[in-house]
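Asks: I'd like to ask some things about the structure below.
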């Protein structure tokens, strides 16, 4: 409101030429400019916008005679006086001692302030130059200073944000270099220049099972020829080759630890002279890589050593250990089979002997060698006596047929008939009721037949046990599990390890993952603490 008056700084001093210029007719070339000024006046621009346009015109050295004319000249020059970028350029070019001095043009008329040593631009229609305006005493404008301060604050905030972003980006690159790139470079240098060159020898073998005719006939033959039949043995062999026992045998046979001592091995892999078995076993697990494929039933082994021939030698030793382990796994099975067959045969043989002893005891008890023989003998005697009895009865009947039989001849015939009948009855009694010993021939024959049948049964069982023992002996003599080597170890002609690119890339990914995990943890903890 301090600059709303029309004071131009010259007081009441008359200027005839200015009056003449004000009453001069407008030429045809100036008519469009007046139309543009009239259109700008109708836009309803605020005083703040007009002042901004005037300052931009002064900044670009445009000869504006009023605020509206400054808007027109800026638009003719292709500059939008109300664009934010133009205002920021104006603030950046603002002198440190304050805003530009106000002239008579601030009131909407007159000439813009002239630079030192430069005359004022004449008004249209003027024939004489106007005198230079005097610089009045500046009274600070509150609205103008607030506008400049606001734009300056925005610019300062933008510059501060850009500076902070550059600082944070620099810190990010520094942390990435220290925690990710530098360890990756060190790892790449180690793998390419320091690490000991090692040779890996690969081999493949499988545990096979011999087909048995006895087992193939049953349900067990369904799994023969598949990896399921030998999966347990293969897993057992894999575990044995990865055990401390295998490492100790390799140490005893070829001196495993001695090859990783000395200056030829890099410091990280090198074993100290006083290395324990636990340290050697950790190194053993890193250099003996064994895997089992259950779908194919194949055991894959890779042996890594500082020398190619040494890796082949170690592979052959481990394969021989695996063969011994397979034999050891089936040895107990074969021993159990033979033991069971021998025990069964021994029991059957003892049962046969016991049955035969029982038959002999019965024969001695009854004093009968064979019940069949005794039966045949008795039946023969009875038949003979019955024949004689029939003859004597016929003779007796013939004698009795006489009217006056001879007593001397009759009595002997009767006595012979009675004797034959008694003997026949005694013999028949021996067959059914028993004789002097109290046991009948039928009982004796029954016990002897049972004992003899027992002997025959035991003999048959003894024969079957003998056949089973022979089959078990054949199965035991034949190897039921054996190791089949499908890929033999062959020495490589070039070092297999270390793989420089792969190991370096893995190191970078590991360090990057660790860095991201630590950064996220720190950010989460900082947020929790600040909240």
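Asks: Given (1) in contact with a strand residue (DSSP E or B) (Cβ under 7 Å, 6 or more places away or on another chain); (2) exposed (fewer than 15 other Cβ atoms within 10 Å of the Cβ), where does residue 288 come up short, assuming only one miss?
Replies: Of (1) in contact with a strand residue (DSSP E or B) (Cβ under 7 Å, 6 or more places away or on another chain); (2) exposed (fewer than 15 other Cβ atoms within 10 Å of the Cβ), only one is false for residue 288: (2).
Asks: Now a separate question. Could you go through the stretch 336-354 and let me know if any residue there is part of a helix (DSSP H, G or I), over 60 Å from the mean Cα position of the chain (by Cα), surrounded by 14 or more Cβ atoms within 10 Å (Cβ to Cβ) and at negative phi.
Replies: yes
Asks: Any idea which of 383, 371 is at pLDDT 85 or above and either at positive phi or assigned by TED's automatic domain parsing to the domain that holds residue 450 (or both)?
Replies: The unique qualifying residue is 383.
Asks: Answer yes if at least one residue in the stretch 424-444 is within 30 Å of residue 315 (Cα to Cα) and either at pLDDT 85 or above or surrounded by 12 or more Cβ atoms within 10 Å (Cβ to Cβ) (or both), and no otherwise.
Replies: no
Asks: Just give me the residues in the stretch 460-483 being surrounded by 13 or more Cβ atoms within 10 Å (Cβ to Cβ) and under 29 Å from residue 206 (Cα atoms), in sequence order.
Replies: 471, 472, 473, 475, 476, 479, 480, 481, 482, 483 - these are the residues of the stretch 460-483 that are surrounded by 13 or more Cβ atoms within 10 Å (Cβ to Cβ) and under 29 Å from residue 206 (Cα atoms).
The values are calculated or read from the model by the stated rules, or taken from the named source; none is laboratory data. Model, not experiment: these values are computed from the prediction. Reconstructed Cβ throughout: ideal geometry from the backbone, glycine too, with neighbour counts over all protein chains shown.
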